[in-house]
Each structure stands twice: as C-alpha cells, then as structure tokens.
Amino acid sequence: MKKNIAVVPLLLSRNKTLAAKMFYGFYKIGKTQFFPKHDYNFNHFKNLALVYFKLTPACNLRCVMCGQYGDKGIMNNCAAEETKKILPLEIWKKFIDEIAPQRPVTYIWGGEPFLYPDLFPLARYMVEKGLYVSVNTNGTLMERHAEQIVRDKWSTLFVSLDAFRDVNDALRGKGAYDKVIAGFRAINREKQKQKSKIPMLGIVTVVTNKNYMDLDNLAEATREYNLDLHIFNLGTYTNDNIVATQRRFMQEKLDTDIDCLDAYNTGYNLGIDAQKLHNILQNIHCKNFGHPMITVPVLNPEKTHTYYADLETPVRNHCIVPWCQTNIDYNGDVHFCADYPDYILGNITQQSFKEIYNNDRANRFRKVIHSCEGGMFPGCLRCYQNMLFGKKIKGY
Ligand SMILES: C[S@@+](CC[C@H](N)C(=O)[O-])C[C@H]1O[C@@H](n2cnc3c(N)ncnc32)[C@H](O)[C@@H]1O
Ligand code: SF4
C-alpha cells in the first residue's frame with residue numbers, strides 16, 4: 001500500500017495557500033518528532049502546531065462505535081447537562097487571538113460542531129485571523145449551510161461516512177447517508193456558483209467489523225462528488241486489560257482517574273478478516289478515484305491482523321502530542337489528548353493558554369510520558385492521534 005506521503009503533491013496542487021498553511025503546521029510537528037524538547041523551562045507554546053476545538057458535546061446522531069455516544073459512550077447519560085457548559089463566542093475569540101500568531105492548524109469537532117450556536121461567526125473569525133480551519137462533521141446539517149460555508153472560506157470539511165447507504169445508516173442512523181450526499185452536492189453547487197475551490201471536501205471512514213467489507217462500495221459510490229481526499233481510519237479500540245492497566249498507571253503516576261478510554265472498549269474490532277480488509281484497501285489504493293486515498297495508519301499487510309486482534313501490541317509509539325498539540329473542550333478545559341480528555345491542564349476561562357501549556361501539570365505529563373517505555377502510555381495503543389503522528393515501530 002502506498003505511503004500517505006505519496007498524496008502530498010496532489011494535495012499541494014489543489015490549493016497552494018491552504019497547502020502552505022497546512023504544511024507549516026506539519027513542519028512544526030515534524031520538528032517536534034525529530035527534536036523533542038525535554039527541557040521543561042522551554043516555552044512549548046512556540047511549537048503549537050495543531051489545535052482541536054471540541055465546541056460542543058451535543059450530537060444529533062448516536063453512532064454505535066463512538067466514544068461519546070456509542071455503545072459505551074461517556075456522554076450517553078449526561079449530554080444535556082454538559083451541553084449547558086459550552087463556551088460563549090467571546091471566550092473562543094480571545095483564545096484565537098492568543099494562538100493565531102503561532103499559526104497552528106485548527107480542527108473543529110464535537111459532538112456535532114454544527115450544533116454549536118456560534119459556529120459560523122467563530123469559523124469566520126478564525127479565517128480572518130489567517131488560520132487553516134478544518135471542520136469534522138457528521139455532514140447531516142451541511143446542505144442547509146452550504147452557501148455560507150463556501151462564502152466564509154472554510155479550509156476543509158472532513159465528513160464522516162462509514163459505508164454505502166444501508167451499512168452506513170445501520171451504524172450512524174437512518175437517513176444519514178443521503179443527508180451527507182445532499183450536503184456534498186450543495187457544497188459543490190456553491191463552489192461552482194461562487195467560483196471557489198474551497199472548502200476542500202474529504203470523507204473520514206472509521207473501519208469496524210460492521211463496515212470493512214463495504215469500503216470499496218463507499219469509495220465507488222462517492223467518486224462523483226468532487227472530493228479532495230478520503231481517509232480510512234483503522235479505528236480506536238481497547239480492551240478490559242488495557243483499560244485496567246492504564247487506570248492503575250494514571251492513578252499512580254499522575255493522580256488521575258480515567259473515564260474515557262473504556263468508551264472504546266466496544267468489540268467492533270473483533271472478527272475482522274485482516275487479509276480481506278488488506279485486499280479491499282489495496283484495491284482501493286490501486287484505483288484512480290481522482291482524489292487521494294489515505295489509510296491511518298498504513299500497516300505492513302501482515303500486521304493488519306495484529307492491529308485488530310492483538311490490541312496490546314503497539315504499532316506506533318513515541319507520542320509527540322504533548323509537545324505540539326492541544327484539545328480545548330467545550331467548557332474551556334485544556335487537554336493534550338482529544339479522545340481521552342481525563343487529565344486537565346487548566347481552563348482557558350481562568351488563565352492564558354500559554355501559561356496553561358507551560359504549567360507544572362503540563363510538564364509533569366510530558367515527563368511521565370517521556371519516561372515510559374517507547375515514549376507512550378500503556379493505554380494509548382490504538383489512539384488516533386498517535387496513529388497519525390507516532391513513530392512507526394519497525395516491521396509494522
Ligand atoms: C467523535 S466525531 C465528532 C465529529 C462529528 N460528530 C462526526 O461524526 O464527524 C469525530 C470523528 O471520530 C470518529 N469516530 C467515531 N468513533 C470512532 C472510533 N471508535 N475510532 C476512531 N474514530 C471514531 C467519527 O467517525 C468522526 O470522524
Ligand atoms: S456523529 Fe460524531 S459525535 Fe455524534 S455520535 Fe456519531 S461519531 Fe459520535
């Protein structure tokens with residue numbers, strides 16, 4: 001299977017200004033990978049390359065594998081209460097003023113970001129500040145906002161689709177597939193009307209035992225929608241033993257209990273025929289869909305089985321997230337980890353982000369991770385951020 005780096009020239013050719021902004025972020029991530037700063041007086045804020053904005057915990061879908069609303073989702077019983085805690089626009093703007101000079105890539109997500117009441121003024125402000133603004137959405141509310149999305153010059157839409165219609169809707173909810181397709185059509189129409197090349201349009205597909213046989217159907221069915229990329233995310237999974245080990249570890253080393261990791265202990269990794277999955281992905285990668293196909297992580301074919309059947313074997317390690325990335329939660333809490341937001345560094349309603357990012361709690365986390373075998377916590381074996389930016393383990 002082709003390495004993901006092979007898609008770089010294609011992406012570059014789509015929109016040079018956006019590509020330059022994106023690659024500045026990736027350059028900073030690369031610098032952190034090669035020259036990690038273990039000097040704890042260092043101003044880590046300078047290296048900020050990627051900021052996740054989790055605008056709201058509210059969501060209009062209930063996808064079965066989701067860490068927030070899936071079978072074991074942490075939001076299942078508290079979504080309404082938690083949604084009351086969302087930050088007002090003014091706080092987000094102040095935060096953006098602080099981080100914009102570092103020119104990080106930004107990634108808006110949720111819950112469903114279209115349910116954040118001030119999504120549009122916020123994204124507009126970010127674009128005005130010159131940031132690369134990407135939005136990860138379930139796409140069901142995209143059609144009605146297409147005109148404004150294009151007018152406001154969002155950089156990229158990462159739209160979640162997991163399979164062709166029936167299989168997708170069994171995972172994500174009835175009617176979800178058709179709403180996304182209507183959204184793609186509307187965005188394309190608006191791009192033509194407004195003579196705009198942006199936002200770039202991408203699909204993100206999470207691979208589970210329920211959809212892996214249908215990935216090629218999805219790729220075929222969506223080839224006509226003028227996409228810019230399609231990412232196949234092999235999925236975040238864990239098991240009882242990993243959760244227990246991580247819980248002990250975090251309590252011992254960082255005085256933190258953990259709630260989030262178990263949400264990925266869903267079993268949707270089980271029974272995947274790795275050879276079949278590899279063949280399907282290989283087949284997709286060999287065809288020309290007119291847009292790049294990206295698998296995260298790219299694995300040696302013999303190791304696809306390990307990824308799903310042996311969750312305790314690492315495939316990537318040396319997590320660099322605490323040195324160049326951050327996730328800001330809907331209530332202003334600052335974390336390093338987007339999917340496991342258990343360890344809180346501080347809150348942007350109370351302190352400047354720069355202070356938080358360089359504070360003792362942040363440095364304690366960095367020190368502990370640096371002292372771990374392979375530079376990674378025992379619970380992070382299939383973490384998506386580490387699959388994207390971690391170090392490839394030899395043979396995998
Ligand atoms: C939690 S959602 C939030 C944004 C939006 N609601 C959406 O669905 O795109 C962020 C991304 O995580 C993906 N996701 C859900 N469950 C996952 C899992 N178990 N492993 C990896 N990614 C997952 C979703 O498909 C989506 O692309
Ligand atoms: S749409 Fe996104 S946040 Fe909502 S349940 Fe699905 S994956 Fe989770």
Which whole-number percent is the relative contact order of the chain (Cα, under 8 Å, 6+ apart)?
20 percent
Computed from every Cα-Cα pair in region 207-316, P(r) in 5 Å bins starting at 0 and rounded to whole percents is 2, 11, 20, 19, 15, 12, 9, 6, 4, 2, 0
Just to be sure I understand: with springs between alpha-carbon atoms less than 10 Å apart, which residue in K16, K367, K129 has the highest mean-square fluctuation in the Gaussian network model of the chain?
K16
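So between D216 and R14, what do we pick up on full extension, going 0.36 nm a residue minus the alpha carbon distance?
Result: 70.3 nm gained on full extension.
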Global size of the chain as Cα Rg and Dmax, reported in angstrom
19.8, 58
Aspartates and glutamates with Cα under 15 Å of K210, excluding same-chain neighbours fewer than 8 positions away
D71, D162, D166, D169, D273
Over all directions, average the projected area of the Cα convex hull of region 54-107 and note it in nm².
4.7 nm²
So, over other residues within a Cβ distance under 13 Å of D262, counting Lys, Arg +1 and Asp, Glu -1, the net charge is -4
Determine the sum of side-chain charges near L119: Lys and Arg each +1, Asp and Glu each -1, restricted to other residues whose C-beta is under 11 angstrom from that of L119.
-2
Based only on other Cβ atoms within 10 Å, what is the fewest-to-most ordering of F158, F34?
F34, F158
Could you work out how far the C-alpha centroid of region 172-247 sits from that of region 333-347, in angstrom?
26 Å
Going fewest to most other Cβ atoms within 10 Å around each Cβ, M22, M65 line up as M22, M65
Add +1 for every Lys or Arg and -1 for every Asp or Glu among the other residues with Cβ under 13 Å from the Cβ of L234, and state the total.
+2
Quick check on the chain: helices-only [θ] at 222 nm, where DSSP H runs of length 4 and up contribute -39,500 (n - 2.57) each and the sum goes over total residues. Nearest 500, please.
-11000 deg cm²/dmol
Given R₀ = 51 Å, FRET efficiency for N226-D360 by Cβ-Cβ distance, to 0.05?
0.55
Taking the chain as a Gaussian network, where each spring joins two C-alpha atoms under 10 Å apart, which residue of N47, N347, N241 fluctuates the most?
N241
Name the cysteines of the chain that stand alone by the Cβ rule: no other cysteine Cβ under 4.7 angstrom.
C59, C78, C260, C286, C319, C324, C337, C372
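Values in this text are rule-based calculations from the coordinates and carry no lab data. Here the structure is a predicted model, which means the values were calculated and not measured. All Cβ positions, even for glycine, are placed from backbone atoms using ideal geometry, and neighbour counts span all protein chains on display.
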